[in-house]
Each structure stands twice: as structure tokens, then as C-alpha cells.
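The values are calculated or read from the model by the stated rules, or taken from the named source; none is laboratory data. In this text the structure is predicted, and so the values were computed from the model without any measurement. Positions of Cβ are generated from backbone atoms using ideal geometry, with glycine treated the same way; all protein chains shown enter the neighbour counts.
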Amino acid sequence: MKPFYDPGLYKCRTIAQGFNEASTGTPQFWIQFDVLERIEPFNDDLKQFSRRAYFAVTAKTADWVMNYLHTLGFKGDNFDGVDPHIEGHHSFVGDEIELVCSHEDDQHGTPRERWGPRGGGRLLGRDKIRNLNGLLTKKSQSANGPISQETNSAQTTDDDLPF
């Protein structure tokens with residue numbers, strides 16, 4: 001079956017959440033949602049279907065998944081706090097969230113939609129962040145000092161930024 005939604009950023013409303021086991025045996029947290037509109041590029045005239053986003057929870061991904069749940073508003077520090085089978089859990093149901101739709105082939109080579117969080121990537125460790133300091137120019141490192149005429153004339157514009 002061909003993917004219905006084009007790749008892009010979408011506004012969605014969460015309608016269910018839970019945990020299950022993937023066919024590989026990997027535990028995963030999932031969010032079921034209704035697609036409301038496409039944000040980038042904008043389109044609010046689209047058919048609204050329900051979809052699920054899956055987040056594999058392994059030794060390598062558990063912290064990343066927890067971090068993502070925090071960006072959605074979860075304040076807890078363990079997965080029990082989002083388990084719908086536990087009384088008093090944090091429910092994402094009814095929340096509007098942004099998700100990215102991309103396309104990939106499944107294990108049989110059939111194209112499918114893959115839904116996940118916007119942007120992100122892996123969090124950097126403190127050592128890697130410290131190494132970033134070596135990329136700064138002397139001008140940047142003395143940014144709190146007086147602005148010289150040279151610095152003022154070579155201002156950074158939006159065109160200079162990679163995002």
C-alpha cells in the first residue's frame with residue numbers, strides 16, 4: 001500500500017498511548033494520533049486519518065525516548081508514569097503535537113509512512129560540547145567585551161546560518 005501522507009511536518013492530536021512488543025521482541029512505546037494538518041508546507045485541507053508513532057525502548061534508546069516524552073510534557077522519570085495501565089499515569093490523549101512523516105521501505109521493500117518527533121538527533125555529551133568551544137573564533141570568545149568597528153561591520157546575517 002502506497003503511503004497516503006507526503007513527507008513533512010504535521011500537527012496531530014494524540015488519541016491513545018501504550019506499550020507493546022515489536023515483532024523483533026523489542027519493547028516499544030507508541031502514540032496513536034489523528035493527523036490534523038500539514039505544517040510544512042502548510043495544508044489544512046487534507047483527509048484526517050489515525051496513525052501510530054513507535055519508539056523502541058532499548059538500552060541505547062531509553063534516555064532518548066524519555067527525553068522526547070519530557071518534550072511532550074511528561075514530568076516523571078520512569079516509564080511507569082506513561083503506562084495507561086497504571087492509575088494516575090500521565091496521559092497525552094487530547095494533546096496536540098508536531099510529528100514528522102517520512103517514507104521508508106519495510107522489510108519486504110514496500111514503501112510505508114514512518115512517524116516520529118521533529119528534528120532532535122542524539123544529545124551531545126559534555127565532552128563533545130566542550131570540544132565545540134574549539135570551533136569558536138577569538139571574536140566569539142570575547143563577545144562580552146566592547147564591540148570593535150571590525151566586528152560591527154561584519155555582522156552575521158540569516159544567510160550565514162545553516163538553519
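Figures for the structure shown
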{"item": "Single residue of T110, T58 found to be free of Cβ contacts under 8 Å to residues at least 40 places away in the same chain and either over 15 Å from the mean Cα position of the chain (by Cα) or surrounded by 15 or more Cβ atoms within 10 Å (Cβ to Cβ) (or both)", "result": "T58"}
{"item": "When residues of region 18-33 are limited to those that are surrounded by 14 or more Cβ atoms within 10 Å (Cβ to Cβ) and out of contact with any His (no Cβ under 9 Å at 6 or more places or on another chain), the one nearest to P7 (Cα to Cα)", "result": "F33"}
{"item": "In region 70-85, residue surrounded by the fewest Cβ atoms within 10 Å (Cβ to Cβ) [restricted to those that are at pLDDT below 95 and of a type in the set (A, V, I, L, M, F, W, C)]", "result": "L72"}
{"item": "Residue count for region 67-77, restricted to those that are touching a residue at least 12 places away in the same chain (Cβ under 8 Å) and over 12 Å from F29 (Cβ atoms)", "result": "5"}
{"item": "Qualifying residue in region 22-37 (condition: small (G, A, S) and under 15 Å from W115 (Cα atoms))", "result": "no"}
{"item": "Test: residue in region 121-129 that is within 12 Å of the chain's Cα centre (by Cα), part of a strand (DSSP E or B), modelled with pLDDT under 90 and under 30 Å from I39 (Cα atoms)", "result": "no"}
{"item": "Matching strands (runs of 3 or more DSSP E) fully within region 1-81 where at least 2 residues are over 18 Å from S102 (Cβ atoms), of a type in the set (D, E) and touching a Pro at 6+ places or on another chain (Cβ under 6 Å)", "result": "none"}
{"item": "For H89: the one exception among (1) more than 28 Å from D105 (Cβ to Cβ); (2) without any contact (Cβ under 8 Å) to a residue 12 or more places away in the chain; (3) within 20 Å of the chain's Cα centre (by Cα)", "result": "(3)"}
